[in-house]
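Participant: If you scroll down you'll find the structure; I have some questions about it.
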Amino acid sequence: MVSAPLLEVFCSVQGEGPFLGARQVFIRFAGCNLACDYCDTPTGETPHCKVERVPGSGEFTLVANPVSTELASELARSYGKVHSLALTGGEPLLYAEFIKALDAGVPLYLESNMTLPEKARKVKNVISIVAGDFKVREVLHGVRKSYEELKEATIACFKVLRSSRERYTFCKIVLPSRFDAEEVLANVESVKEYISMVVLQPVWQDAPPQEEILSLQERLLDVVETRIIPQTHKILGMR
C-alpha cells in the first residue's frame, strides 16, 4: 500500500492557467524541495489531512496522515462529476509512487515546480495535463542548489513531461514585483519545443507594473502563445 502526507482534499474550480473554471478535485501534498517567497503551503508536521466533504461548505473532517492511495482515490471519486484531479502542493512529484497508484477515474492534472526530472519519469505515462512552473530567481531563497542547477533540472523535467498527443503541457511563470525579463525570455526559449503555452501569473498583491507584464508578453508572443492570467480563485474568494 502506497501512502503520502496530504494537507487537503477538496472540490473547487481551477483558478489558474488555460483550464480556468474547470471543476476539479484537489489533492494538496505536504512538503516541497523549494522555498518560494509567495508560497501559501504550510510547513512543518502534518498529522492530519483536511477533507471537505461538501464543496464550498468550509466544513472539514480530519483524516490521519499518511493517507493511502486507496482512500485518496475513494475521496476523489466521491465528489461526482469533475474535469480532472489536480495534484498540487507543496510538490507532488516528491510522491511519484503515490501518484502512479492513484485510481481516481478522471485525468490527472499535475501542478509542479518542475525541478525533479527523475521523479517526472516515473509518472509521465499517467499524467494528462501539466501545469509546470519555470521559477524566476527573484522568488527563490534558502535553496541549496544554484539557480543554474535548478534551471537545468527544469528544462529536463519539461522535456520528460512535454506536450504530446496524450498530454497537454503549459509553462507557468509567476512574476513578482521585480524580475529579469531577459532571463525569462531565455528560459522560455529553452523549453518552447516542449510546451503548448506560457501563462504569466502576477504574484497576488505583489504584481509588477502592468506595462512590464504587457511588454514581456509581447516579446514572448514571438516565441510561443502567451497569456496573462491572474489567480482568479483568490479574486472570487474561493479555495
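Participant: Among the residues of segment 108-134 satisfying the criterion of being within 19 Å of ALA76 (Cα to Cα) and β-branched (Val, Ile, Thr), which is nearest to the chain's Cα centre (by Cα)?
Facilitator: VAL130
Participant: Taking the conditions exactly as written (in a helix (DSSP H, G or I) and either closer than 25 Å to THR46 by Cβ or out of contact with any Asp or Glu (no Cβ under 7 Å at 6 or more places or on another chain) (or both)), does TYR109 satisfy them or not?
Facilitator: No.
Participant: Quick check on segment 154-166. Is at least one of its residues part of a strand (DSSP E or B) and either β-branched (Val, Ile, Thr) or surrounded by 16 or more Cβ atoms within 10 Å (Cβ to Cβ) (or both)?
Facilitator: no
Participant: Would you say ILE127 is crowded, with 16+ Cβ neighbours inside 10 Å, assigned to a helix (DSSP H, G or I) and of a type in the set (Val, Ile, Thr)?
Facilitator: no
Participant: Can I ask one more? Pairs please, first residue from segment 142-156 and over 15 Å from ALA35 (Cβ atoms), second anywhere and part of a helix (DSSP H, G or I), Cβ atoms under 7 Å, 6+ apart in sequence or on different chains.
Facilitator: Every condition considered, the pairs that remain are LYS151/ASN187; ALA153/PRO117; ILE155/SER190; ILE155/VAL191; ALA156/PRO117.
Participant: What do you reckon, is GLU45 modelled with pLDDT of 95 or more and of a type in the set (Asp, Glu)?
Facilitator: Spelling it out, it is not the case that GLU45 is modelled with pLDDT of 95 or more and of a type in the set (Asp, Glu).
Participant: Oh, and also: Kindly indicate whether any position in segment 104-119 is among the acidic types (Asp, Glu) and over 25 Å from ASN187 (Cα atoms).
Facilitator: No, every residue in segment 104-119 fails to be among the acidic types (Asp, Glu) and over 25 Å from ASN187 (Cα atoms).
Participant: Still on this model: Kindly state which strands (runs of 3 or more DSSP E) lie completely within segment 167-239 and contain at least 1 residues that are among the hydroxyl-bearing types (Ser, Thr, Tyr) and closer than 30 Å to ILE27 by Cα.
Facilitator: 168-175, 226-228
Participant: Return yes or no: is PHE98 over 30 Å from LEU75 (Cβ atoms), crowded, with 16+ Cβ neighbours inside 10 Å and aromatic (Phe, Trp, Tyr)?
Facilitator: no
The values are calculated or read from the model by the stated rules, or taken from the named source; none is laboratory data. Everything quoted here is computed from the prediction, not taken from an experiment. Note that each Cβ is placed from the backbone with ideal geometry, even for glycine, and that neighbours are counted across all protein chains shown.
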